[in-house]
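Laboratory data are not the source of any read-out in this text; all were calculated from the coordinates shown. Fair warning: this is a prediction, and the values are worked out from it, not measured in the lab. Here the Cβ positions follow ideal geometry from the backbone for every residue, glycine too, while neighbour counts run over all protein chains shown.
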Amino acid sequence: MTIRIILSLLIFSSVLSFAPAVQQQGVEPVTLEKIEENIYEIKGGRGSNGGLFIGEDGVLVIDAKMDKQSVDQTLEAIKNLTDKPVRFLVNTHSDGDHVNGNRYFPETVTIIAHENCRNEFFLPARDGSPSNWLSPDLLPWIPRVTFNDRLDLYLGRDRVELWYFGKGHTSGDLVVFFPEQKVAFIGDQIFLNRVPLIHLHKGGNSHSNVRYLEKMLENLDAEKFASGHSEVVDREVIGSYIAAMKSRHESVSGMMKNNYTLDQIKAQFPDNEGTLTEIIYFEILAR
């Protein structure tokens, strides 16, 4: 019996998680995976990967999952780590898998985003339907603090840097950078296990996405990069991602110069890359 208890404690200490009595079918419970001291990646639940920082006098959460159960699990997992209050929630951008859970955080939490991200809360969806965030009942959970290029937050003596490098996945993506630990959370600026996604209806641009990542590497000495749908990676992987996107751009541009039609160009790439190829085509055409 004693051995079983010890094994259970060892397993619990490696990945902190909280699961309710009834877990949603097919949805993994929320877990916190340590990246560096006081910095965790929030995985599982419904929605993208998020982040957590335990500062000197409070907690900062990065992105909000999608539903109440996932947020409740997140908050409970935080309580298992610290009794410090959640003070800030940062939205890296406005996609539903990052922000729909905002409404389930306490109203005492200050929600922060880039000003373009806040504006995108109110945009129609891709199908043209009105945004749910137009409801007055949801106003308390729309970002209340915004910035243009750079914002520093302090949790006691601990500084967190928010950076904006231009359009990318959307027009309002930000990077959350922890300078002491050299860790950056970059939202959906990279996709490693699926085709990169650019939201045209939110001002996204694949060429700007490349410039965004280049500026990020130039300005931040981060060594670890956490994102919404990929594993934590290093600078070399980000560099390879940039090179791959540039290669796509050059291939499409070369074929356009040789008078290939859009359909002919799309036929040169895998079927699942059709949307991205079309986006690149029209970006080049618009120059």
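Here is how the numbers come out for the structure above:
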{"read-out": "Any hit, region 117-129, residues being assigned to a helix (DSSP H, G or I), surrounded by fewer than 22 Cβ atoms within 10 Å (Cβ to Cβ) and of a type outside the set (A, V, I, L, M)", "value": "yes"}
{"read-out": "Test set (1) part of a helix (DSSP H, G or I); (2) within 30 Å of S131 (Cα to Cα) - I242 fails condition number", "value": "(2)"}
{"read-out": "Candidates D188, D221 - the one that is in a loop (DSSP other than H, G, I, E, B) and under 15 Å from T92 (Cα atoms)", "value": "D188"}
{"read-out": "Qualifying residues in region 172-193 (those that are under 23 Å from S247 (Cα atoms) and without any contact (Cβ under 8 Å) to a residue 60 or more places away in the chain) - the one surrounded by the most Cβ atoms within 10 Å (Cβ to Cβ)", "value": "Q189"}
{"read-out": "Of all residues in region 211-231 being among the hydrophobic types (A, V, I, L, M, F, W, C) and within 20 Å of Y40 (Cβ to Cβ), the one that is surrounded by the fewest Cβ atoms within 10 Å (Cβ to Cβ)", "value": "L220"}
{"read-out": "The lone exception for F177 - which of (1) farther than 11 Å from H93 by Cβ; (2) not in a strand (DSSP E or B) it fails", "value": "(2)"}
{"read-out": "Flag for W133 being aromatic (F, W, Y), within 26 Å of S208 (Cβ to Cβ), surrounded by 14 or more Cβ atoms within 10 Å (Cβ to Cβ) and touching a strand residue (DSSP E or B) at 6+ places or on another chain (Cβ under 8 Å)", "value": "no"}
{"read-out": "Unmet requirement for S208, which otherwise passes all of (1) crowded, with 17+ Cβ neighbours inside 10 Å; (2) of a type in the set (S, T, Y); (3) outside any helix (DSSP H, G or I)", "value": "(3)"}
